[in-house]
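See below for the structure under consideration.
The values are calculated or read from the model by the stated rules, or taken from the named source; none is laboratory data. It should be emphasised that the depicted structure is a prediction, and the values quoted were computed from it without experimental measurement. We place every Cβ from the backbone using ideal geometry, glycine too, and count neighbours over all the protein chains shown. Side chains are part of the model used for accessible areas, which takes the heavy atoms of the whole protein and leaves out ligands, DNA and RNA. Shrake-Rupley method; radii C 1.70, N 1.55, O 1.52, S 1.80 Å.
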Amino acid sequence: MSSNFEYPGKIGLAPMAGITSRPFRKICSLWGAEFSYTEMISAESVLRAFKVVQKMLPDEEEKNVAVQLFGNDPNRMAQAAKVVEPFACWININAACPAKKVLKKGSGGALLKDLERLKAIISAVKNAVQRPVTVKVRIGFEENELEKIMQVCIDAGADGVEVHGRTVEQGYGGKAIWDLKLDQYEVATVISGDIYEPQDVEKALSISGAQAVLIARGALRKPWIFAQLKGKNPTVEEIKNMFLLHLKMLIDLEGPRSFYKLRQFVAGYTHGMPGARMFRERFMLANSPEEQQQLINEFFNQLLMNNQENEVVKPIEELSKEV
Ligand SMILES: Cc1cc2nc3c(=O)[nH]c(=O)nc-3n(C[C@H](O)[C@H](O)[C@H](O)COP(=O)(O)O)c2cc1C
């Protein structure tokens, strides 16, 4: 059962709970990510508390965003998929999450131990929606059983499979496996895991046989990685503007009290910069969006002043070499 679906690009931002909300997806897309995913959203909350969930869905400005759902009941997953379909470029089913509270309910990575249920979920969602349906999996629960898992996804009619090259039991530790011969399967595939530097992309693509890669922790560590993957080194000024834009989008979406959510991104936005450690310490103590904005301006303007040569701002990678 093959499908004509292709991922809309070679480099995507991976789904990350608590991270890939609208503002961060938009920032990564501005840097050059070609597609992205929402954080994982429970099918039950879509059906019972849609108002709460709505903020997690892509808005009309966003392109190429998949909505990721998790759950254990094929009918509920299908109903939820129908509700989010108008917002989604495609629907993505989570069969990968290793979090205990998700596994306990038989969802996420637990579906890899119950392949009949996974198959029923994929079929039910496929039957309920018109948009493509893909499945994010790991290579197995305890050991590598990817061939079996891929066959189940393909038989159930999945249009694509995103493969994180670790087992569920591994969590996020150990090295991700790329050598998975994904080109043998008659379905579009994406490889995820340990892609941090520009040279990793081609390596991961050629070793895995996948059509595209997903970047997760690499984007958190250095949000402008997507620009670098396209051969562009951003300037300090561009990074400052993105940081401020992120703050603005966060407050516009979730209100001024959500400012603390920016704290988890401060290490990324100041990656490799001189004086970053002290700045981060001060930033973590800032108690309002206004204070955060002032600190960002002060830190980056100082950096710009120290490094201005004939008004040309040095690429950030050059700056980090000077640290
Ligand atoms: C903080 C965090 C949250 C994550 N949340 C999700 C999620 O909601 N859904 C999902 O399918 N994968 C999730 N993942 C897994 C990533 O999408 C990715 O497959 C994994 O981190 C491997 O890529 P990396 O080695 O580049 O980080 C998450 C990873 C991290 C680090």
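Structure above, values below:
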read-out	value
Residue tally, condition aliphatic (A, V, I, L, M), farther than 30 Å from GLN151 by Cβ, open to solvent by 30 Å² or more (accessible area, probe 1.4 Å) and within 16 Å of the ligand (Cβ to nearest atom), over the stretch 32-59	1
Qualifying positions in the stretch 206-226 - open to solvent by 20 Å² or more (accessible area, probe 1.4 Å), touching a residue at least 12 places away in the same chain (Cβ under 8 Å) and not basic (Lys, Arg)	ILE207, GLN211, ALA216, LEU220
Yes/no for SER29 being within 14 Å of the ligand (Cβ to nearest atom) and either not in a strand (DSSP E or B) or not basic (Lys, Arg) (or both)	no
Pairs where the first residue, in the stretch 169-181, is assigned by TED's automatic domain parsing to the domain that holds LYS113 and the second is within 10 Å of the ligand (Cβ to nearest atom) and in a loop (DSSP other than H, G, I, E, B), C-beta under 6 Å, 6+ apart	GLY171/PRO98; ALA176/GLY193; ALA176/ASP194
Filter result for LEU253 (of a type in the set (A, V, I, L, M), at pLDDT 95 or above and within 30 Å of LYS148 (Cβ to Cβ))	no
Members of the stretch 112-141 found to be within 13 Å of the ligand (Cβ to nearest atom) and either of a type in the set (Ser, Thr, Tyr) or touching a Phe, Trp or Tyr at 6+ places or on another chain (Cβ under 9 Å) (or both), listed by number	LEU112, THR134, LYS136
Residues of the stretch 191-212 that turn out to be more than 9 Å from the ligand (Cβ to nearest atom) and outside any helix (DSSP H, G or I), as a count	6
All positions within the stretch 67-90 that are of a type outside the set (S, T, N, Q) and in a helix (DSSP H, G or I)	PRO74, ARG76, MET77, ALA78, ALA80, ALA81, LYS82, VAL83, VAL84, GLU85, PRO86, PHE87
Identity of the residue in the stretch 161-190, of a type in the set (D, E, K, R) and either in a helix (DSSP H, G or I) or over 18 Å from ALA96 (Cα atoms) (or both), that ends up nearest to the ligand (Cβ to nearest atom)	ASP179
